[in-house]
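Asks: Pasting in a structure now, in structure tokens, and then I'll have a few things to ask.
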Amino acid sequence: MASALDDDLFCVVCHDVFKNPVVLSCNHIFCKVCLQKFWKSKKSRECPLCRRRSSRERPLSNPVFLGEFCSRRHSEKLKFFCVDDKQPVCVVCRDSREHTNHTFQEAADLKVGMKISIEFLKKKLKIFEEAKTTRDQTAEDIKTQAQHTEKQIHEEFEKLHQFLRDEEAARIAALREEEEWRGRVMKEEIEKMSREISFLSDTIRAIEEEMGADDVTFLQNYKSPVERAQCTLQDPERVSGVLINVAKHLDNLKFSVWEKMRKIVQCTPVTLDPLSAHPDLLLSEDLTSVRYMSKNIFRFDKYHSVVGSEGFNTGTHCWDVEVGDCPRWTVGVMMSFAQKCGDYVTLNGRLYMW
């Protein structure tokens, strides 16, 4: 051990511990004063050890060399990290009274723990990336819905007289206002995801850079990456309730202008609510008919059912329903507040559908 200390800590000129060490271009280290005296006596800027002439008039100080050793002048290299005091220490520090009963870890062990943190952050990054992808798709769905709904509104209004154009323009404006609002909300969500993804990516990159350093530097800077690794970001919530309420814009469109066109609108059409339809049911574009499909967006989750988007509180009502060649079908009424998920026919012993 003494030999190692001689090589690492003692100047070959004065044979004492380095004082204000400097390094020559040949990478040999000496006390600054010793080197200046040697050069003055030799009248030449050569290395006292290898005799190689130095290309530097002023030798460089060596703070990295000094940083490898204990700051308390123990002449020992930093080899451990005190978990209690959160600082790198040498063997002498570890065995001192100041660190009695403290917990110590070596760089290799700390790096293992840091690898686990990185894996956690990578999983967190993947979650946010997937969440952003979902929001990107939802933003596209909003645009598609808006375009599709706008087309339907135009087709309906083409059947009406010119004096109803103002009504059409008002409905289109409402749709675009909702599209703009919902699109703005989703844009903010996407931007939020992008910021959090960027933060996680930067954090992972910074920690990996810290881990790429040598053990001493890693120990000295360990407090910083371990704090970065403590991710406090909550997982993104599932996107819901942001799609355009299509039924609101198409709800009984012709009937809504019936007061202006009593002679044209002679009946009250039932507009089906697409938000309530079972996943296996596909509604027509005008929301007046339904047919069985294997897959569709979620609605009722147990029965193949769909409800009308408008309801009635009083009065007597009747409908003509075309069922085609479908061998099995049922037409009925249900309470508006009845649940659509699970068994909605009866709940707590009460009947909610007839």
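Asks: For a quick check: with amide H placed at 1.01 Å from N, whose amide H comes under 5 Å from T271's, ignoring anything fewer than 5 positions away on the same chain?
Replies: For T271, whose amide H was placed from the backbone, the distant partners under 5 Å are N252, S309, E310.
Asks: Next up: Taking H placed 1.01 Å from N in the peptide plane, check which residues at least 5 places from Q87 or on another chain put their amide H under 5 Å from its amide H.
Replies: For Q87, whose amide H was placed from the backbone, the distant partners under 5 Å are C82.
Asks: Further, regarding this structure: Listed highest first by mean packing, meaning other Cβ atoms within 10 Å per residue, what order do 82-91, 183-192 come in?
Replies: 82-91, 183-192
Asks: Okay, moving on. Run the simple label-point estimate for E167 and F199 please: 7 Å along Cα→C-beta, distance reported in nm.
Replies: 5.0 nm
Asks: Counting alpha carbon pairs within less than 8 Å and at least 6 residues apart, what relative contact order, in whole percent, applies to region 106-260?
Replies: Relative contact order here is 43 percent.
Asks: Ordered by packing density, taken as the mean number of other Cβ atoms within 10 Å over each peptide's residues, highest first, how do 131-138, 276-283 rank?
Replies: 276-283, 131-138
Asks: Another one. Mind checking the alpha-carbon convex hull of region 106-260 and giving the volume per residue in Å³?
Replies: Hull volume normalised by residue count: 97 Å³.
FYI, it's all coordinate maths here, none of it is from the lab. Computed from a predicted structure; not experimentally measured. Every residue, glycine as well, gets a Cβ built from its backbone with ideal geometry; the counts of neighbours run over all protein chains shown.
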